[in-house]
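Chemist: First the structure, then my questions, so here it is.
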Amino acid sequence: MRRLRCLGLMLALSLLLSCCAPKEYSAQTFAMDTVMSFTSYGREGERAVSAAAAEAGRLEGLLSVTRPESDIYAVNHAAGAWTQVSQETFDLIGRCLELCRACGGALDITAYPAVRAWGFTTGEYRVPGAEERVDLAARIDYTAVELDREQCRVRLPEGMELDLGAVAKGYAGDVLAGLTVRSGAESAMLYLGGNVHTVGRKPDGSLWRVGVQDPQGEGYLAVVEVENQAAVTSGGYQRFFEAEGETYWHILDPASAAPARSGVLSATVVGDCGLVCDGLSTALFVLGAEEAARLWRTLGEFEYILILEDGSVQITQGLEGRFSLAGSGEGREVQVIRP
Ligand code: ADP
Ligand code: MG
């Protein structure tokens, strides 16, 4: 009898707990050339995820390089003249230029003519010849972008074009996370292609577990735990083509206008700001392991995971205790980078 009562009590308790577990809401959308998926919990979760999906569409309209109504398109088609843009775009370009400077130009938001020449925007892939690449590299120079703060205008030398592809999803993550919080949601996971942006913790109080994809295989090779942060990955496996036995990917070295070959297969950056994480993940992929460590030591305020060509893994000190190998990563060598 007593056992039965105890069983009844447990049943009632688990029913109560399941009633209390916050409801999960999710929404999917296709924006910025990638599938985005948003999950949020609790009473305001539904409002939060539908607002996020709508906002992603708005940001694409503002920042797309191919949409004629976008601010970026207008700047790129101004033939060297000043172009007025929205305050939001103006501020974003300013922040991006600072980031390009901090990365010593490994990140360069004027790479568009080169990105297009390789066919990465259209899917009509080709390998530009040596002479063409020299010309393309000469047209990548973030220091030539002029800003007129008074009138919110941007000017580029003729022949140069902006491409915010390396940072736009990170910026969108920041904006959508802010929107989610303002909608009243306390817990959310925003997935924007290779970018993950988290709000708070999981509803059960544990940290979010973000998988790091195996750049050479299927599935994950590691897991990193985060809270209220972004985790952004750039890798050569995300968009590439093959020609005459060679693989060419979409992250270019601004110095050569050709796919960056630094020995890094993927770079994951973890930090508070999605924009910075996105810009830096692209930059670290271009810079390689040694320069990545140097940048981390001088800039700080971010952590990273590099998967190198020999299969080994590097993580920065701040990720110790939050990082674990999993799946195809089991047994790999992990080197911890310290200040
Ligand atoms: P993804 O957008 O696939 O997640 P990234 O954030 O690394 O990957 O951005 C890559 C995109 O950024 C390319 O598709 C291209 O449009 C642009 N790009 C390529 N190389 C550079 C570079 N060195 N600096 C800035 N933008 C770049
Ligand atoms: Mg990036």
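The values are calculated or read from the model by the stated rules, or taken from the named source; none is laboratory data. Only a predicted model underlies this, so the values are computations on that prediction, with no experimental measurement involved. Cβ: placed from backbone, ideal geometry, glycine included. Neighbour counts: every protein chain shown. What goes into the accessible areas is simple: the full protein's heavy atoms, side chains included, and nothing from ligands, DNA or RNA. Shrake-Rupley method; radii C 1.70, N 1.55, O 1.52, S 1.80 Å.
Chemist: Rounded to the nearest 10 Å², what accessible area does residue 36 have for a 1.4 Å probe in the complete protein model?
Modeler: Accessible surface of residue 36 is approximately 0 Å².
Chemist: In a shell of Cβ-Cβ distance under 15 Å around residue 250, excluding residue 250 itself, what net charge do Lys and Arg (+1) and Asp and Glu (-1) give? Provide the component values of the computation, followed by the final result.
Modeler: Numbers: positive: 116, 126, 169, 239, 261; negative: 33, 108, 124, 163, 242, 246, 253, 278.
Charge balance near residue 250 sits at -3.
Chemist: Debye calculation, C-alpha points only, no solvent: report log10 I(q)/I(0) for the stretch 185-316 at q = 0.15, 0.17 Å⁻¹, in the same order as the q values.
Modeler: Each listed q maps to, in turn, -0.70, -0.88.
Chemist: Check each of the GluC sites (Glu not before Pro) in the stretch 118-180 and keep only those in coil by DSSP with at most 14 other C-beta atoms within 10 angstrom; list them in order.
Modeler: Those satisfying the criteria are 124, 150, 158.
Chemist: Helix 45-63: angle to the longest alpha-carbon principal axis of the chain, degrees 0 to 90, nearest 10?
Modeler: Relative to the chain, helix 45-63 is tipped by roughly 0 degrees.
Chemist: Across every pair of different alpha-carbon atoms, what Kirkwood hydrodynamic radius in Å does the chain reach?
Modeler: Kirkwood radius, the chain: 21.3 Å.
Chemist: Right, something else. Which angle between 0 and 90 degrees, to the nearest 10, do you get for helix 87-102 versus the longest principal axis of the chain when only C-alpha atoms count?
Modeler: The angle comes out near 80 degrees.
Chemist: Using packing as a proxy for protection, rank 93-102, 164-173 so that the peptide with the highest average count of other Cβ atoms within 10 Å comes first.
Modeler: In decreasing order of mean packing, 93-102, 164-173 become 164-173, 93-102.
Chemist: What are the ³J(HN,Hα) couplings of the stretch 104-121, residue after residue, when phi is run through the Karplus curve with 6.51, -1.76, 1.60 and θ = phi - 60°? Round to Hz, x for glycine and proline.
Modeler: x, x, 5, 9, 9, 7, 10, 7, 4, x, 6, 4, 5, 4, 7, x, 6, 8
Chemist: Mind checking the stretch 273-306 for GluC sites (Glu not before Pro) that DSSP puts in a loop (not H, G, I, E or B) and that have at most 13 other Cβ atoms within 10 Å?
Modeler: 301
Chemist: Roughly how many percent of the accessible protein surface of the chain is carbon and sulfur, given a 1.4 Å probe and a whole-percent answer?
Modeler: Working: 8090 of 16210 Å².
Heavy-atom surface of the chain belonging to carbon and sulfur, 1.4 Å probe: 50 percent.
Chemist: Largest first, what is the accessible-area ranking of 25, 125, 220 with a 1.4 Å probe? Could the numbers behind the result be given before it?
Modeler: Details: 25 45, 125 90, 220 130 Å².
Ranked from most to least accessible, the order is 220, 125, 25.
Chemist: On to the next question. If amide hydrogens are placed 1.01 Å from N in the peptide plane, which non-local residues have theirs closer than 5 Å to the one on residue 258?
Modeler: 253
Chemist: How far, in degrees from 0 to 90, does helix 274-287 lean away from the longest principal axis of the Cα atoms of the chain, to the nearest 10?
Modeler: In the chain, helix 274-287 runs at an angle near 60 degrees to the longest axis.
Chemist: Shifting gears a bit: If R0 is 45 Å, what FRET efficiency do you get for residue 333 and residue 246 from their C-beta distance, rounded to 0.05?
Modeler: 0.95
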